[in-house]
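Undergrad: Before I ask anything, here is the structure I am working with.
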Amino acid sequence: MWIAIAIVAVIALAVIALLVTARSRATTGRLSRETRKRDEAATGSALGEAASPSDETNVDVESAEGRARADEARRAIESGTSQVPEARTGGTAAVYEPVDLDELGVTRRQFFNRSILAGSGLGLGAFGVAALAFLWPGAATGFGGKIVVGSVADANTAIGNKQPFYNATAKTYIVAYPKADLAKAKKVSAYTVPIIAGMEAGFVALYQRCVHLGCRVPWCQSSQWFECPCHGSKYNKVGEKVGGPAPRGLDRFVLEVAGGNIVVDTGNLVL
């Protein structure tokens, strides 16, 4: 959890730093709005006089010259004598008028800066989401989550043959619990409400690991007990300790019966 919080904090600081840097770069080298207005007021009349034609006669002359050059170029192309019109020798050059930055909207530098910021933000965001998805715990589907170990009918069949119903994926023995002993079981403080609910359904889910040193405890058909081959710990049919160095009985998983199947929550272990 702390790792996820640290990643989010680093990403947030990086985005803030990029925004501050971009803002300083965008304003560097630009004139203020007041300065530009003063410059326009001082040079506006001069630009207007230079950019406008002297009179209407000049405009008519330039238009006539343009039409003449166009006709000449068309005739030359049609006759095949020349494909390049003659260079213009007369006329008045147009005066360049600078584009107002307010009308332009976004300058080229601003466009590239914002593009870099957007790409960096998307990259950092994708990395943050991927890191959180990697660190966030998902629903366990194997051992450590809920596992359907089998049907009630299959468990009853195995128990009818005087042996527990075993599921290797859940590492669990399903054994029957006598209903006559429910009153005594409810007095045991270690048995939580979900464990008691499984007992009332008639079953107990025993973890296969010996509580002494962790060996797998097999079922002995002849003695009708669970007997650890490592150090001789012995447990009865419902996992209670009856001998050996084990400090207690076998650990249990919470189970429930749903839709005729036995579901064992291997992520909920009760000592």
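Undergrad: What are the ³J(HN,Hα) values, in whole Hz, obtained from phi via the Karplus relation 6.51 cos²θ - 1.76 cosθ + 1.60 with θ = phi - 60°, for each residue of the stretch 72-77 in sequence order, with x given for Gly and Pro?
TA: Ordered by residue, 3J(HN,Hα) equals 5, 5, 5, 5, 5, 5 Hz.
Undergrad: Net charge near Val148, counting Lys/Arg +1 and Asp/Glu -1 over other residues with Cβ under 15 Å of its Cβ? Intermediate results must be reported in sequence, preceding the final value.
TA: Working: positive: Lys146, Lys171; negative: Asp154, Glu256, Asp265.
Net of charged neighbours comes to -1.
Undergrad: What does a probe at Asn161 reach in the stretch 232-262, counting residues whose amide N is under 19 Å from the point 7 Å along Cα→Cβ?
TA: Correct set: 237, 262.
Undergrad: Can I ask one more? How much accessible area per residue does the stretch 204-271 have, in Å², with a 1.4 Å probe?
TA: Working: 3030 Å² over 68 residues.
About 45 Å² of surface per residue is accessible.
Undergrad: Hey, another quick one. Can you tell me which of 170-180, 198-208, 256-266 comes out highest on packing, and rank the rest after it, using the mean Cβ neighbours within 10 Å?
TA: By packing density, highest mean first, the sequence is 198-208, 170-180, 256-266.
Undergrad: For Gly249, what residues show an amide H to amide H distance below 5 Å, using hydrogens built from the backbone and excluding near sequence neighbours?
TA: Lys241
Undergrad: Further question: Looking at the stretch 157-204, what % of the alpha carbon pairs are farther apart than 16 Å?
TA: Tail of the P(r) past 16 Å holds 44 percent of the pairs.
The values are calculated or read from the model by the stated rules, or taken from the named source; none is laboratory data. A quick note: this is a predicted structure, and the numbers were derived from the prediction, not measured. Note that each Cβ is placed from the backbone with ideal geometry, even for glycine, and that neighbours are counted across all protein chains shown. Accessible surface areas use protein heavy atoms only, side chains included; no ligands, DNA or RNA. Shrake-Rupley method; radii C 1.70, N 1.55, O 1.52, S 1.80 Å.
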